[in-house]
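> Here it is, the structure, as structure tokens.
The values are calculated or read from the model by the stated rules, or taken from the named source; none is laboratory data. What you are looking at is a predicted structure, and each value in this text was computed from that prediction instead of being measured. Note: accessible area is taken over every heavy atom of the protein model, side chains too, but ligands, DNA and RNA are not part of it. Shrake-Rupley method; radii C 1.70, N 1.55, O 1.52, S 1.80 Å.
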Amino acid sequence: MGTGVTYKGTWNADTNTPDITTDVSGFNAGDFYKLIASGTHDLGSGDVDFINGDEVIFDGTNWTLKPYAGALIEYDSTSVLLNNNASVYADGA
């Protein structure tokens with residue numbers, strides 16, 4: 001049976017704060033951080049560009065980017081997906 005995910009807090013990709021890549025021995029599969037600032041950081045196989053709202057999740061060996069998917073807001077039985085990442089839209093705008 002899986003153990004699920006555990007929110008560890010916020011992470012800054014530009015400064016690697018807190019440090020998640022130097023020593024991963026203290027992390028468990030499913031640990032994840034929410035990014036608080038856009039930036040670039042090497043997760044072990046080359047630089048990765050991050051935007052505010054992305055998440056990084058640990059699989060037991062490596063950290064993986066989980067791109068920001070927007071926020072779902074519901075009002076008057078209507079749902080609206082807000083997303084500041086234009087690349088997720090089919091027309092790119």
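> Would you mind listing the strands (runs of 3 or more DSSP E) fully within the range 1-49 where at least 3 residues are within 12 Å of residue 63 (Cα to Cα) and open to solvent by less than 40 Å² (accessible area, probe 1.4 Å)? Talk me through it step by step, then tell me what you get.
On the way: elements: 6-12, 31-37, 39-42.
It comes to 31-37.
> Just give me the residues in the range 15-51 being under 20 Å from residue 4 (Cα atoms) and among the β-branched types (Val, Ile, Thr), in sequence order. Steps first, answer last, please.
Residues of the range 15-51 under 20 Å from residue 4 (Cα atoms): 20, 24-35.
Those that are under 20 Å from residue 4 (Cα atoms) and among the β-branched types (Val, Ile, Thr): 20, 24.
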